[in-house]
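I have placed the structure first, in the form of structure tokens, so that the comments after it can refer back to it.
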Amino acid sequence: QQGIFHFRKFGADSYVVDMVGILVLRELGVLIVAIMVAGRSGSAYTAELGSMKMREEIDALSTMGLDPIEVLMLPRILALILALPILSFIGSMAALYGGGLVAWFYGGMGPAIFIARLHDAVSVTHFEVGIIKAPFMALVIGVVACVEGLAVKGSSESLGLQTTASVVEAIFVVIVLDGIFAIFFASIGM
């Protein structure tokens, strides 16, 4: 919406589609979904593992000869690694749909024109860049959430502090990781 107003000053309304397509597929789709997953699932993982730690269930697993990392952490991290690319795809498609609606209502660009311009402006590479980032971001979110959950001490105050720390750390690391990926993909010409 802001792009339409600013690009219109220069008579470049149609380039809004390029901007939306490339930004959503390469950066914003996966980044926004990862931030939401860090806030929702990351906090849930931390709270669940922290509660188990407070009730000494993790110690009980160790006593029974089971590895808490293998039993509790690994399935959660693998689930995130599988789910985040799918959620990123859905989020990116929703963002492109929303961009098309905004271009139609604010810019007067019909859906057929938007789709044709999007087809010309966006390549599969842009989509690949976003999807390649997703599993790495999921790994980071899962590891941070689980480590913070296992760091809970014996009180509910500790649980709250670790859950907050988990979300903040995961979002921070996801943003830093996105920047590192941007530098990497720029250096290899992708």
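Just so you know, the averaged projected area of the alpha carbon convex hull for the chain sits at 12.6 nm². Summing Cβ point charges (Lys, Arg +1; Asp, Glu -1) relative to the Cα centre of the chain gives a dipole of roughly 560 debye. Inter-label distance, I113 to S14: 0.9 nm, where each label sits 7 Å from its Cα along the C-beta direction.
Roughly to the nearest percent, how much of the accessible area of the stretch 99-190 is carbon and sulfur, given a 1.4 Å probe? Roughly 75 percent, rounded to a whole number. Take every Cα pair under 8 Å whose residues are at least 6 apart in sequence, average their separation, divide by the length of the stretch 1-151, and the relative contact order is 47 percent.
Between S155 and D67, the contour length at 0.36 nm per residue exceeds the Cα-Cα span by 29.3 nm. The residues of the stretch 26-106 expose, per residue, 54 Å² of accessible area to a 1.4 Å probe. Between M36 and A165, the modelled labels are 2.9 nm apart [label points 7 Å from Cα along Cα→Cβ]. Sorted from greatest to least, the principal axis extents spanned by the alpha carbons of the stretch 102-190 come out as 60, 36, 15 Å. Available extension along the chain between S187 and A79 is 35.8 nm, counting 0.36 nm per residue and deducting the alpha carbon span. Helices in the chain, meaning DSSP H runs of at least 4 residues, each add -39500 (n - 2.57). Divided by all residues, the mean residue ellipticity at 222 nm is -26000 deg cm²/dmol.
The values are calculated or read from the model by the stated rules, or taken from the named source; none is laboratory data. Keep in mind the model is a prediction, meaning the values are calculated, not measured. Cβ coordinates were reconstructed from backbone atoms using ideal geometry, including for glycine residues, and neighbour counts include every protein chain displayed. Ligands, DNA and RNA are excluded from the accessible area calculation, which covers all protein heavy atoms including side chains. Shrake-Rupley method; radii C 1.70, N 1.55, O 1.52, S 1.80 Å.
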